[in-house]
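Reviewing the structure listed below.
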Amino acid sequence: MNSASRASALVAVLLAAAPVMLEGQRRAPLMQLDNAIESLVHDVSPSIVQVLVTGLGPVPAPGQTLAVAHERVIGSGVIVDSAGFIITNAHVVAGAQRVEVIVTPSRTPAGEPLPPHGGPLLTARIIGVDRVTDLAVLKVDTTGLAALPFGDSDRLHEGQLVLTFGSPAGLANSVTMGVVSSVAREVDPDRPVVYIQTDAPINPGNSGGGLVSADGALVGINAFILSQSGGSEGLGFAIPSNMAAFVYRQLRAYGHVHRGMIGVTGQEITPVLAKGLGLPRDWGILVADVAAGGPAASAGLVSGDVIVRLNGRPVATLAQFVADVTMGSAGRPVQLDVLRGPAALTVRVPVSEQRDSLDRIMTSLDPDRNLVRKIGALGVAIDSTVAAVMPGLRIRSGVLVVAQAVDAGGTQTGLAAGDVIHTANRTPVKTLEDLRAALRALKSGDAVVLGIERDGGLLFLPFELN
């Protein structure tokens, strides 16, 4: 074949291959996206756990009878510290007698399938619960776990790609993909919590799992869905990671949450409110009241001021404003941009720590003297002094649970800070020694039923002693 023939043959081959090459070029971005998502899932999955909770819950019964029975709840959680600390939802562990987690094993090499039943089953302790934000912290006695770093949820924007990880309907190691639908969605005006809304499918069992950004950071904790069918309808909500990180650090340090305050009562401004009061804007936060002698009063805020920015960011809702202030570190001021009539002001207001009753009691306790080691609880007998700072007690005696000890033992009791123990297996409990004596009479494996008072109600808390 001469050179002209060879050239003609080469041109013919190239022309024939051109459609295939062009098709490959068109598919290349999709293949890159596919590989990136697969790699992200491979890296994140070992940080996601399945949470198995055994406890008592209501069950259907004939007539008007109220019945309870043992139930098993399946949720999800995220490992946030390699020493064994896990975040999940408070409602996942509500009423728990026993909490266990299944850790997803690391996969090497990439793409290798997971074992059909996941990783090891580990017993977990509840370190603390915050019902306001619906978050809880668990601890397993295992180190070297794959922890997922917290991302900055304040940097999220609508349309950003996110993935959800968890165990919907008990199906472990599930991942779905979607976008951020809204970054500051207020669902309940009475709660100082705003949520990330996403259309990434979230279903029952995903609660407590992770909402993860494309760079592999934890930007939210899956919380709930709004659905008429019971399944995902593209309305999933996650607790922002900045809020989750704050609550996690507080629960880990204290067993409950210390929130900030500036001494202001605010209202969201509506067009009618703005028109009636002659306000300069029909959005923002109206200062309705300023606590005398509080941080806001000292900084010069007065009733009638309109707060339009907090730390340089526009104020969207009252819930967002309260959440940002209460999560502020005590002593660190917030900057408020305020309108007072036609004048624009900028004021710096220090954030004080809200010290609740448990905080005040905790400062006077001796950890060695007040620790009830068999149940891993730090308690104090209720006397007239303690009762005076615990308004609303139905029974003004018993042992108040002030905190839980992280390393005091493995018994899962379901106790939470603020509970009051009145009986142990029907034996009245008035003092710490009463409680210790009742527990000393029991051995490992024995059933324990504590009669407790929680949030103004009485209930029985059963568990087995380790």
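The values are calculated or read from the model by the stated rules, or taken from the named source; none is laboratory data. Since we're looking at a predicted model, the values are computed, not measured. Ideal geometry is used to build each Cβ from the backbone, glycine not excepted, and the neighbour counts take in all protein chains shown.
Of the residues T142, T164, T133, which single one is crowded, with 17+ Cβ neighbours inside 10 Å, out of contact with any helix residue (DSSP H, G or I) (no Cβ under 9 Å at 6 or more places or on another chain) and either more than 19 Å from A323 (Cβ to Cβ) or modelled with pLDDT under 95 (or both)?
Numbers: T142 fails: crowded, with 17+ Cβ neighbours inside 10 Å; T133 fails: out of contact with any helix residue (DSSP H, G or I) (no Cβ under 9 Å at 6 or more places or on another chain).
After applying the criteria, what remains is T164.
Of L435, L415, all but one fail to be crowded, with 21+ Cβ neighbours inside 10 Å and under 25 Å from the mean Cα position of the chain (by Cα); the exception is L415.
Every residue, every condition in (1) at pLDDT 95 or above; (2) under 30 Å from Q320 (Cα atoms); (3) assigned to a loop (DSSP other than H, G, I, E, B), yes or no:
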position	(1), (2), (3)
A61	no, no, yes
Q64	no, no, yes
H70	no, no, no
S106	no, no, yes
P109	no, no, yes
L114	no, no, yes
H117	no, no, yes
R125	no, no, no
V129	no, yes, no
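Looking only at residues in segment 379-399 that are free of Cβ contacts under 8 Å to residues at least 60 places away in the same chain and touching a helix residue (DSSP H, G or I) at 6+ places or on another chain (Cβ under 7 Å), which one is nearest to Y254 (Cα to Cα)? The residue in question is G379.
Here is a yes/no grid of residues against (1) crowded, with 16+ Cβ neighbours inside 10 Å; (2) assigned by TED's automatic domain parsing to the domain that holds V401; (3) under 30 Å from L442 (Cβ atoms):
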{"residue": "I269", "(1), (2), (3)": "yes, no, no"}
{"residue": "G278", "(1), (2), (3)": "no, no, no"}
{"residue": "A288", "(1), (2), (3)": "no, no, no"}
{"residue": "L336", "(1), (2), (3)": "yes, no, no"}
{"residue": "L339", "(1), (2), (3)": "yes, no, no"}
{"residue": "K374", "(1), (2), (3)": "yes, yes, yes"}
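Here the strands (runs of 3 or more DSSP E) wholly within segment 378-466 that include at least 1 residues being among the hydroxyl-bearing types (S, T, Y) are 420-424. As a summary of the residue check, G410 satisfies the conditions (1) closer than 27 Å to L135 by Cβ; (2) touching a Ser or Thr at 6+ places or on another chain (Cβ under 9 Å); (3) modelled with pLDDT of 90 or more except for the one numbered (3).
Number of residues in segment 297-337 that are part of a helix (DSSP H, G or I), under 29 Å from the mean Cα position of the chain (by Cα) and not acidic (D, E) equals 8.
Under the condition of being small (G, A, S) and assigned to a loop (DSSP other than H, G, I, E, B), which residue from segment 342-377 is modelled with the lowest pLDDT?
Only one residue fits best here, namely S364.
Given the criterion crowded, with 18+ Cβ neighbours inside 10 Å and more than 11 Å from A238 (Cβ to Cβ), identify the matching residue among P192, P149.
Exactly one residue qualifies, and that residue is P192.
Filtered by the rule that a residue be at negative phi and out of contact with any Gly (no Cβ under 9 Å at 6 or more places or on another chain), segment 147-175 gives A147, F150, D152, D154, R155, H157, E158, Q160. Across segment 235-262, the number of residues qualifying as out of contact with any strand residue (DSSP E or B) (no Cβ under 8 Å at 6 or more places or on another chain) and at pLDDT below 90 comes to 1.
Does V448 count as in contact (Cβ under 8 Å) with a residue 24 or more places away in the chain, closer than 23 Å to A136 by Cα and surrounded by 16 or more Cβ atoms within 10 Å (Cβ to Cβ)?
Numbers: in contact (Cβ under 8 Å) with a residue 24 or more places away in the chain: yes; closer than 23 Å to A136 by Cα: no; surrounded by 16 or more Cβ atoms within 10 Å (Cβ to Cβ): yes.
Against the criterion (in contact (Cβ under 8 Å) with a residue 24 or more places away in the chain, closer than 23 Å to A136 by Cα and surrounded by 16 or more Cβ atoms within 10 Å (Cβ to Cβ)), V448 does not qualify.
The number of residues in segment 391-407 being loosely packed, with under 15 Cβ neighbours inside 10 Å, under 19 Å from M362 (Cα atoms) and modelled with pLDDT of 90 or more comes to 1.
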